[in-house]
Structure formats: C-alpha cells, structure tokens
Amino acid sequence: MEATYALRALLAEIGRQGAVLANLDVLGQALDDAVAYRDPAGSWCPDCDMHPGELCPDHVADQVMTECYLTLAGSLGIGVDR
C-alpha cells in the first residue's frame, strides 16, 4: 500500500513539473513574440531623425522593454530569438 501511495505522489509531482515546463514553453513563446513586436532594430520613424541617439522616445522605450524581456527570458533559462 505504501508503494502505491509513493507512486501516486511521484506521478503527481511529475505532473506538476510537466505543467511548469509547459508554462515555461508558453512564456517563452510570449516573450519571443514580445521581442519581435518591440525590438526597434530596423525600425525608423521621422522622429528618430530628430534625436541625437537616432531613436525617438517611443523607440527608446521599445528598446528598454526588449532588453527587459530578454533579461527575463535569460534568467528563466528560456531561449528567445532576437
């Protein structure tokens, strides 16, 4: 009877870990989408020409958010393309 209980507990833990891994996969896809949407690389607008850093405030904010997404992904061990 104890072996059955231990086996059920082990299977429940494996299920929880599988759910966490599945959630990390979804989070990785979301971060990948966010980086693709926010990354200002290759972006340009007329306001960017007027700023010495060659990025307007909106594109600077996008660059900051992109770096935040990449940092979060890295800290969780999630590979995100840039």
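Name the helices (runs of 4 or more DSSP H) wholly within the chain that hold at least 3 residues that are at pLDDT below 85 and within 11 Å of the chain's Cα centre (by Cα)? Steps first, answer last, please.
Values: elements: 2-38, 46-49, 57-75.
Qualifying helices (runs of 4 or more DSSP H): 2-38.
Which residue is nearest to residue 47 (Cα to Cα), if the candidates are limited to region 61-80 and must be surrounded by 12 or more Cβ atoms within 10 Å (Cβ to Cβ) and hydroxyl-bearing (Ser, Thr, Tyr)?
The residue in question is 66.
The values are calculated or read from the model by the stated rules, or taken from the named source; none is laboratory data. Every value quoted in this text rests on a predicted model; they were computed, and no experiment measured them. Using ideal geometry, Cβ is built from the backbone for each residue, glycine included, and neighbour counts are taken over all protein chains shown.
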